[in-house]
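What follows is calculated from the coordinates using simple rules that are stated; it is not laboratory data. Note that the coordinates shown come from a computational prediction; the quantities given were computed from them, not determined experimentally. Note that we place each Cβ from the backbone using ideal geometry, even for glycine, and neighbour counts take in every protein chain shown.
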Amino acid sequence: MPVLKIAVRLISEHRVLFAVYVLLFSAVGAFAAGSLGPVSASYETARPVVAIVDRDGSTVSRALAEHVASASEVTDLADSTRALQEAAAKNYANYVLVIPAGYGEELIDAARAGTAAPDLECVVSYTSANGSLMDERVRGYAQELYAMAAASPSASAEELVELVNAAQGAGTSVEVVDTETPGLPVTYLVYCQFALYALFGGIAAIVGVGLADLRLPEVRQRIGAAPVASSAFDGQVAGAIALCGIAVWGINAAVGVALYAGELVRVPAALTALMLVILLALMLVGMAFGFLIWQLGVRRELVHALVNISAMIISFLAGTWVPLANMTPEVLAVAQFTPGYWAVSAMGELVRATGVTGELVATVVGNAGIVALFALAVAAAGLAVGRARRVVA
């Protein structure tokens, strides 16, 4: 099979691409996973720096200010436009709360009338999430006051505050349940998410650049010396691409298992095997995309740009850079038309599981099957492009 041997040799000559796209991005995935840090066995409540400007002075506003002060470090701030602007620009506090005049009375009246609650003014720091968390805490307390006022139409402001404080102090009971077997570690999940770039973009780049030499006149003359049918030619090229894909998948999978062997040894082997099945499906998409690039005859210098842009888009829509939960419904709707979405969704199911069930296997295999269908569609497009190019030639 001369074409297969030539194709394999051409791909194997680009060892630098293997190092860059496979080993380098495997290292990037390991670095991203390592940035998560060890899981802390203890919990320490953050106490952000806040400033409170109470222009109301009512029972409700004082209760709200005391609630904020109980969970933060309060700093003084003058009630002036300049002071508020400086607090925002120079980041004097993580959170600045301004309670407008008449807020307490308006809140109670709105609750009993069933209208919208009055707004609070605030300045949230841009340097950390502490200010945003404090804002949620403040609005939660205000919503409880609103609900209590609506439910108790005859209660005074003092009584409403007492009811809310009592509800705040009740808390929620929490119980930790130890499972018999731990699930896949989150660090391994992050590594596998970043493997999407290597398995999709890496394989496509190696194939697109490596097989570009098959179109060189001297190589075509050598192949022409031993006539090969077009179907056999495509089949042998696909065989070379498959060998490339298996090599990349094997390297990436081996690096991941070796890096997290200490944690994976306590996990059911079937969970790890299912994760590797998802990565195998992603490998098929990378192979198909590389085949399409080769059939399109993309110039070698453009292959890297095309592959990297495509890989970044698919990685983003998969939730590698930004969690899917933080995306808008419109973006999620688009993401479902990409293979990365289904692969990463299946990875999430595996990490949440602590054991192997029939439902879990069906979900993961189903998602992997959808990813494989993407690969089949891209490969079919590559074959169609190849046939069209031959007809034109």
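Segment L324..E86, full-extension length gain: 82.1 nm, with 0.36 nm per residue of separation and the alpha-carbon distance subtracted. Computed about its Cα centre, the charge dipole of the range 287-393 is approximately 560 debye, with only Lys, Arg, Asp and Glu carrying charge at their Cβ. Among the trypsin sites (Lys or Arg not before Pro) within the range 263-320, those in coil by DSSP and having at most 12 neighbouring Cβ atoms inside 10 Å are R266, R299. Sorted on the mean count of surrounding Cβ atoms within 10 Å across their residues, most packed first, peptides 276-283, 331-338, 248-255 read 276-283, 248-255, 331-338.
Per-residue extension of 0.36 nm, minus the Cα-Cα distance of A270 and E162, leaves a gain of 33.5 nm for this segment.
Multiplying the residue separation of I246 and A101 by 0.36 nm and subtracting their alpha-carbon distance yields 45.3 nm.
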